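Below is one structure, written out as structure tokens; the observations come after it.
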Amino acid sequence: MSHLTATPVIEPGQDRTMILNMGPHHPSTHGVLRLILEIDGETIVRIMPDIGYLHTGIEKTCEAKFYQQVVPLTDRIDYLCPLTNNLCYVLAVEKLLGLEIPPKAQWMRVMLNELTRINSHLVWLGTHALDIGAMSVFLYCFREREDILRLFEMVSGQRMMTSYFRIGGLALEPPLGFFERVRQFANRFPEKVNEYENLLTGNPIWGMRTKGVARITAADAIALGASGPTLRGSGVDFDLRRDMPYSGYENFKFNVPVLQDGDVFARYLCRVREMRESIAMVQQALNGMPEGPIKADAPKVILPDREKMKTEMEALIYHFKIITEGFSVPAGEVYQAVESPRGEMGYYVVSDGTAKPYRVHMRAACLANLQLLPQMCEGRLLADVVAAIGSIDIVLGEIDR
Amino acid sequence: MPLSPAITDLEELKDHPALALLLAWNAAAVESAKYDRDEITIYVERSSIRDACVLLRDNRKCPFNFLADVTCVDWHPSEPRFEVIYHLLSIPQKERVRLKVRLEGSSPVIETVTSVWPAANFFEREVFDLFGVRFTGHPYLRRLLMPEDWEGNPMRKDYPVEGYR
């Protein structure tokens, strides 16, 4: 495995080659990724990613907050799938506490997570196609994304930084008419996916830019820590939702799209098919949505209802205690992984028995996936770098944290 | 679902595939083990971490072929101060295991696992950057997230949250 290295050292002074700086402010780097390229004419000799331009120290900030105050911070890590981050963090803390979550909350979480996956894949598809030169797809994708953001706004009050999940359940009951709106969207959406596919899948220009480009083998992808569609595009059949289910995913029936080619086109098809599976899961969630409470029965952890707080003394005391001094979590550690749109997103939370987490570490799928870039691009043309970056679907907020 | 207490008895846990492999290979390399909240943690002796990783990756029965994460926890001011944590995943068997190595605060040095999984490259650089743990044999041990000329290691517990002003 000695041929795999994420950071070949690039020094100036070679004769034939030239050093080219790409980014950090380059539209195709999807944020602030800087690449140092050594090129021989148009051919990439070596490529070295340089990250850290978006480092905010969120992990350090978490250590100074109460457990419930960390939830809004998790939105900001991967800003294209805030609900997936919320879910992963609350699942980790619930595991630390040993809380049982009522079925309705679990099903709502799954439904919203699948909508988030579609939302994230739409942004990916639009920008990826725009990078390669297919302008119109971007407008189509953002049209449907707007509908999903309206759904998020309806349920949580926020379009992007939702923070809708709470430790122990959900923040609010879904509003009246919400499920009807989701159903309308779910009925409409599969047709729209056909529209995107009509524009791209059979398009010869799209095929030339993506087929056989930035190939990676299954063995290399596993060794470099790839996960999610990037791994499944190389023929590894592994999806955390199916293979290590969490939050009630075992109640859903879905296929995991796997493609063998390991090129940009395979990763593209994998994500497009995932969108179809996700919308089918949203349908299943709507049809089988259980009735019941949306919060677990744990008054020391979960804020009481507003109504109760104003009428019951005990509820008021709990409310005051949770807000002012948080709740203590038994000492221990957990690693909770979920399948985010980009791959394995993991939260490692260590508790020392107090009301603030001792350590919160986020396993960023993109950080590992970015390490594939040199292996994908070396020996290929400069223009393929843009296609390769788009195909691993990076979010720099998650990489730098 | 009340929490059941953690199991720390090696005898009770020896059926777990990862622990059974490590004990059969070199019982001296396993310092202790813990089963808590459905997750197994194995404390590995510092000098054998690389060989333990190779063993867990290459065995037939339950190959832990995927390195999910490498991170670190600072237990300042107690000693040993640092814990370097490896989360391994077996894609064929769908098993997880957590390896831990304790390091003294005076010399936080450990062998790299980049030769076992190239994925460790960025993870170890991040730990080096934020905690100041050195990985010997790493191909390119430089700061990853902080600027090159930054002083100090921000994730250490004796580094203030608001930074030095």
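The values are calculated or read from the model by the stated rules, or taken from the named source; none is laboratory data. Just so it is clear, the model here is predicted, and its values are computed rather than measured. Quick reminder, even Gly has a Cβ in these numbers, built from the backbone with ideal geometry, and neighbours come from all protein chains shown. For accessibility, only protein heavy atoms count, side chains too; no ligands or nucleic acids. Shrake-Rupley method; radii C 1.70, N 1.55, O 1.52, S 1.80 Å.
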Listed by first then second residue, the pairs whose first member lies in the stretch B:152-165 and is more than 22 Å from residue B:134 (Cα to Cα), whose partner is surrounded by 11 or more Cβ atoms within 10 Å (Cβ to Cβ), with beta carbons under 8 Å and at least 6 positions apart or on separate chains, are B:161/A:60; B:161/A:61; B:161/A:63; B:161/A:64; B:163/B:154; B:164/B:152
Selection from the stretch B:7-31 of residues more than 17 Å from residue B:61 (Cβ to Cβ), surrounded by 13 or more Cβ atoms within 10 Å (Cβ to Cβ) and of a type in the set (Gly, Ala, Ser) yields B:29
Restricting the stretch A:67-95 to residues that are away from chain B (no Cβ under 14 Å) and of a type in the set (A, V, I, L, M, F, W, C), the one nearest to residue A:333 (Cα to Cα) turns out to be A:90
So, first residue free of Cβ contacts under 8 Å to residues at least 60 places away in the same chain in the stretch B:108-121, second residue in a helix (DSSP H, G or I), Cβ within less than 6 Å, six or more apart or across chains; the pairs are B:114/B:120; B:114/B:121; B:118/A:223; B:119/A:368
Reported set for the stretch A:26-55 where residues are more than 10 Å from every other protein chain (Cβ to nearest Cβ), surrounded by fewer than 20 Cβ atoms within 10 Å (Cβ to Cβ) and either part of a loop (DSSP other than H, G, I, E, B) or modelled with pLDDT of 90 or more (or both) is A:26, A:32, A:41, A:42
Flagged in the stretch B:117-136 as touching a helix residue (DSSP H, G or I) at 6+ places or on another chain (Cβ under 8 Å), more than 9 Å from chain A (Cβ to nearest Cβ) and under 22 Å from residue B:57 (Cα atoms), in numbering order, are B:135
Of the listed residues (B:147, B:154, B:139), the one being open to solvent by 50 Å² or more (accessible area, probe 1.4 Å), under 21 Å from residue A:55 (Cβ atoms) and within 8 Å of another protein chain (Cβ to nearest Cβ) is B:147
If we keep only residues of the stretch B:32-50 that are out of contact with any Leu (no Cβ under 8 Å at 6 or more places or on another chain) and surrounded by fewer than 16 Cβ atoms within 10 Å (Cβ to Cβ), then the residue farthest from the other protein chains (Cβ to nearest Cβ) is B:47
Wholly inside the stretch B:1-94, helices (runs of 4 or more DSSP H) that include 2 or more residues that are on the phi > 0 side of the Ramachandran plot and among the polar types (S, T, N, Q) are none
Considering the stretch A:95-127, residues that are charged (D, E, K, R) and surrounded by fewer than 23 Cβ atoms within 10 Å (Cβ to Cβ), and then whichever is nearest to residue A:345 (Cα to Cα), we arrive at A:95
Listed by first then second residue, the pairs whose first member lies in the stretch A:104-132 and is of a type in the set (Asp, Glu), whose partner is part of a helix (DSSP H, G or I) and open to solvent by less than 10 Å² (accessible area, probe 1.4 Å), with beta carbons under 6 Å and at least 6 positions apart or on separate chains, are A:114/A:278; A:114/A:281; A:114/A:282; A:131/A:28; A:131/A:390
When every residue in the stretch B:59-82 that is open to solvent by 40 Å² or more (accessible area, probe 1.4 Å), within 12 Å of chain A (Cβ to nearest Cβ) and within 18 Å of the chain's Cα centre (by Cα) is compared, the one farthest from residue B:17 (Cα to Cα) is B:76
Pairing a residue in the stretch A:166-194 that is without any contact (Cβ under 8 Å) to a residue 40 or more places away in the chain with any residue that is in a loop (DSSP other than H, G, I, E, B) and surrounded by 17 or more Cβ atoms within 10 Å (Cβ to Cβ), where Cβ atoms lie under 7 Å and the two sit 6 or more apart in sequence or on different chains, gives A:171/A:164
Of the listed residues (A:225, A:202, A:212), the one being closer than 26 Å to residue A:386 by Cβ, without any contact (Cβ under 8 Å) to a residue 24 or more places away in the chain and assigned to a loop (DSSP other than H, G, I, E, B) is A:202
request  = Report yes if some residue within the stretch B:94-103 is open to solvent by 10 Å² or more (accessible area, probe 1.4 Å) and closer than 26 Å to residue A:59 by Cα; otherwise report no.
outcome  = yes
